[in-house]
Amino acid sequence: DGEYVALHSLVISDTVTRLGEHCFSRLERVSEPVTIPASVSQIGAYCFEGVEFSLEFEEGSELKSIGSYAFADAILKNVSVLPEGLERVESYAFYDAYVVAGGIVLPDTLKFIGGYSLFVTGRSSNNHPCLYIPSSVGQIEANAFGESSSTFIRVYTALREEQTSLFIAGWDSNAQIT
């Protein structure tokens, strides 16, 4: 009927292996953090489109791919650390997502970043969304970070071991990144 729903919490069973297309796209917001169970290997297209929530991944995640528009127009209330094992972020996956605090940390297993997939907006400690891209990425499609000259994303390609927790926790733009 076109109405959106706000929830206090959303619990996804650890028997779920795939979150399908449009699975939670009728949600407006979820108050408590949403944890993706380790058993989930794929997040389908439009799964969390437009939802306001904090996103967490369970230890030992088997996530391999994030579908097109999976988090498009979402409001992510925390730094999103995507799990090790993730290999593909499809086109438009985080398109126009608003990152409230910090940015998105991509895992060292990531191989593919689709077009417009990381065209994010938001605030960090330096008033720009931040993104860490690991050296494992072999293909980045055109306009992966958007095409608007008014959008600025601070991109890091390496972090010293001792800086990782500082970077994730505070996205400190003044830290010496090498």
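The one condition from (1) over 12 Å from the mean Cα position of the chain (by Cα); (2) at pLDDT 95 or above; (3) open to solvent by 10 Å² or more (accessible area, probe 1.4 Å) that Ser65 does not meet is (1). Evaluation of Ser165 against the conditions (1) farther than 20 Å from Phe57 by Cα; (2) open to solvent by 70 Å² or more (accessible area, probe 1.4 Å); (3) at pLDDT below 50 shows that the sole unmet condition is (1). Against the list (1) under 11 Å from the mean Cα position of the chain (by Cα); (2) part of a loop (DSSP other than H, G, I, E, B); (3) surrounded by 18 or more Cβ atoms within 10 Å (Cβ to Cβ), the condition Ile104 fails is (2). Go over the candidates Leu55, Leu118 one by one and state the one that is surrounded by 21 or more Cβ atoms within 10 Å (Cβ to Cβ), among the aliphatic types (A, V, I, L, M) and over 16 Å from Val137 (Cβ atoms). Leu55 is the lone residue from the list that is surrounded by 21 or more Cβ atoms within 10 Å (Cβ to Cβ), among the aliphatic types (A, V, I, L, M) and over 16 Å from Val137 (Cβ atoms). Within region 86-99, the set of residues being touching a strand residue (DSSP E or B) at 6+ places or on another chain (Cβ under 7 Å) and open to solvent by 60 Å² or more (accessible area, probe 1.4 Å) comprises Glu87, Arg88, Asp96, Tyr98.
The values are calculated or read from the model by the stated rules, or taken from the named source; none is laboratory data. Every value quoted in this text rests on a predicted model; they were computed, and no experiment measured them. Glycine gets a Cβ as well: all are built from the backbone with ideal geometry, and neighbour counts include every protein chain shown. Note: accessible area is taken over every heavy atom of the protein model, side chains too, but ligands, DNA and RNA are not part of it. Shrake-Rupley method; radii C 1.70, N 1.55, O 1.52, S 1.80 Å.
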